[in-house]
Amino acid sequence: MDSWDLLLQVVLLLLWCFLAGSLMAVLRQSPLVGFLIAGMIAGGPGSMQVVGAESAIEGIAELGVALLLFSLGLEFSWQRVMGLGRVNLLCGVLQVVLTIAAFTVGGMGLGLGVSVSVAIGAMLALSSTATVVGVLVDRSLLDSPMGRNSLAVLLVQDMAVVPLALLIPLLGSSSSPREMLPQIVGIVAAGAGVVGALYLALNLLAVRVMRTRSIGQNRELMVLLSVIVGLGATWAAHAAGLSPALGAFVAGMFLGNSPFAFQIRADVASLRIVLVTLFFGSVGLLADPVWMFQNILLVAGLSAGILLTKVLVVAVLFRLAKQQSGTSLGTGLSLCSVGEFAFVLGGQARAENLITELQSNAIVSASIVTLLLTPTVIGWAPRLASWLNGRVYAPLDSGKQADAKEHPCDCLLVGFGPAGRGAGAALQHRAVRVLVVDLGLEGVGAARAAGFQALRADAATGEVLQHVHVERMRLVVITVPGFHDSMSILQQVRRMSPMATVVVRYRY
C-alpha cells in the first residue's frame with residue numbers, strides 16, 4: 001500500500017469515527033465509545049471492510065497514546081507524582097501482582113497450563129490509560145480522590161509494561177531465566193540511559209531554547225519544538241525497548257517543571273485528539289463482530305468475570321489502605337477496563353504459541369467490551385462513591401471542587417503588559433481573586449511579583465480557557481494588543497462563559 005492509499009484509509013477511519021462519535025454525543029455518551037464501534041464496523045474481520053491497513057494505522061495510532069501521556073506528564077512534576085501518595089503507588093504495584101495472580105488461578109481452574117494462565121493474567125491486569133484518563137478529564141474527575149488513585153495505579157501499570165513484555169517470551173521460551181538475564185539487564189540499562197538522556201536534553205537544551213525571546217514567543221516554533229520533544233521521547237523509549245507511552249510521560253514530567261508546560265499542553269492538544277481517535281478506531285479494527293455475536297455467551301461471561309475481578313482487587317486494596325468505601329469502589333470501577341497494551345502482549349503471546357486463536361479472539365472481544373463500558377461505568381462511579389461515603393451527589397463533584405481549589409479565582413486577566421498592569425492595580429486591593437494568563441515570561445514574572453497567580457500560555461487557545469475553568473469566572477479582562485487575538489478570546493469566552501462580565505482593551 002502506497003502513502004496515498006494509507007492516507008485514504010486514515011481519512012475513512014476518521015470519518016467513521018466522526019459519524020459514530022457524533023451519534024454518541026447526541027445520545028449523551030462518550031465519543032470514545034463511538035470510535036471503538038466505528039472501528040468494529042468499518043474494518044477488521046467480519047465487518048464491512050471499508051477500512052484496511054490495520055497494522056499501518058495501529059502504528060500511527062500508538063503515537064496518539066504517547067502524546068496523551070506526554071500531555072499528562074506536563075501536569076505532573078516528579079514532586080506531584082510523589083504527591084499522589086506512596087500508599088497509592090504501592091497499591092498500584094499490588095494491583096498488577098494480585099490481578100495477575102487472580103487470573104492465573106482462574107485460568108488454571110479452567111484447565112489451562114500455568115504459563116498460559118500467567119500470560120493471560122498479564123494481558124488482563126493492565127487498564128486502558130487512554131480511555132480512563134480521557135473520561136476522567138472529560139468529567140473533571142482527574143483531581144478527585146478516585147481520579148488521583150486511578151492515576152497512581154495507571155502510572156505503575158505503564159511502568160509494568162516493560163517487565164511484562166519481557167515475561168511473555170520467558171513463558172514461551174525453553175531458555176532458562178539465567179540465559180535471559182543478560183537481555184533483561186540490557187533493557188534496564190537502556191531504560192536508565194534514556195531517562196538520563198531525556199533529562200539532560202530537555203533541561204539543559206530544550207528549556208533554554210524556549211526561554212529565548214525569538215522562539216519562546218513564536219507560536220509556530222513552539223508548536224514544532226513541542227511535537228519534536230513529545231514524539232522524539234516516544235521514539236527513544238521504543239528504541240530502548242521500553243513502553244513508548246512511558247517515555248513520552250517521562251519527557252512531559254521533565255518539562256512539567258518549566259514555565260512552558262501549560263502552553264505546550266495546549267499546543268499539542270489538536271494533534272493529540274486526532275491520533276487518540278485513530279487509536280480507538282484501530283482497536284475496534286481488531287474485533288470480529290460476527291464472531292462476537294456467535295459466541296455472545298462466552299464473551300459476556302468472560303467480560304463480566306474480568307470486570308468483577310478487577311473492581312474487587314482494586315477496591316479491596318484501597319479499602320485496606322484506609323480509604324473510604326465509596327472512594328475505593330469508585331477507583332475500582334474506573335480501572336475495570338482492559339488496557340491497550342493487552343493487544344500488544346496478546347500479539348507476543350500468539351507469536352510464542354502460548355495462546356490459541358480461539359483464546360485470542362475471546363480475550364480481544366472481552367477487552368473491547370470492557371472498553372465500551374468504561375465511560376458508562378466511570379459515569380456511575382462518583383454517584384456510587386458519594387452514596388457509600390454518606391454524601392449527596394452533586395453535579396459539581398469532587399473533581400471540579402479540587403480544580404476550583406487549584407484555580408480559586410473570580411477574575412481572569414489576559415495579558416499583563418501596560419494595560420494589564422493597570423487593570424491589575426485596580427483589582428489588587430479589591431476582594432477579587434485574580435488569575436493572570438500571559439504569553440511572555442516577563443508578564444508572568446511581573447504578575448507573580450504583584451501577588452497574582454499567573455500562567456504562561458496563549459489564551460486564544462480554547463484548551464487554555466477550558467483548563468483555567470473560564471466558565472466559573474465572574475469577570476474576564478482582555479488586554480492583549482492584537483485585534484484578532486482579542487476577538488478570538490472574546491468569542492470563546494462568550495461561548496464558554498456567557499454570564500461573565502467581559503472588559504476588552506482596544507487601541508482607540
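The values are calculated or read from the model by the stated rules, or taken from the named source; none is laboratory data. As the structure is a prediction and not an experimental result, all values here were calculated from the model. Here Cβ is always computed from backbone atoms with ideal geometry, including for glycine, and neighbour counts include all displayed protein chains. Accessible surface is based on the protein model in full, side chains and every heavy atom, while ligands, DNA and RNA are left aside. Shrake-Rupley method; radii C 1.70, N 1.55, O 1.52, S 1.80 Å.
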Q. Dipole magnitude of the chain about its Cα centre, charges +1 at Lys/Arg Cβ and -1 at Asp/Glu Cβ only, in debye to the nearest 20?
A. 1960 debye
Q) Based on Cα positions only, what radius of gyration and what Dmax would you give for region 214-327, in angstroms? A) 20.6, 62
Q.
If DNA, RNA and ligands are ignored and the probe is 1.4 Å, what is the ranking of 67, 308 by accessible area, most exposed first?
A. 308, 67
(Q) Between residue 474 and residue 108, what is the label-point separation in nm under the 7 Å Cα-to-beta-carbon projection? (A) 6.4 nm
**Q.** residue 170 accessible area, 1.4 Å probe, all protein chains in place, Å² to nearest 10
**A.** 50 Å²
Q. What ³J(HN,Hα) values, in whole Hz, does the Karplus curve 6.51 cos²θ - 1.76 cosθ + 1.60 give for region 151-160 when θ = phi - 60°, with x put for Gly and Pro?
A. 5, 4, 5, 4, 5, 5, 4, 5, 5, 6
(Q) Take residue 197 and residue 6, extend 7 Å from each Cα along the Cα→Cβ direction, and tell me the distance between the two endpoints in nm. (A) 2.3 nm
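Tell me, what does the Kirkwood hydrodynamic radius of the chain come to in angstroms if you use every pair of distinct C-alpha atoms?
24.2 Å
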Q) So what is the 222 nm mean residue ellipticity for the chain from helices alone, if each DSSP H run of at least 4 adds -39500 (n - 2.57) and you divide by all residues, rounding to the nearest 500 deg cm²/dmol? A) -23000 deg cm²/dmol
**Q.** Accessible area, probe 1.4 Å, largest first, for residues 340, 442
**A.** 442, 340
Q: Report in % the part of the accessible area of the chain that belongs to carbon and sulfur, leaving out ligands and nucleic acids; probe 1.4 Å.
A: 66 percent
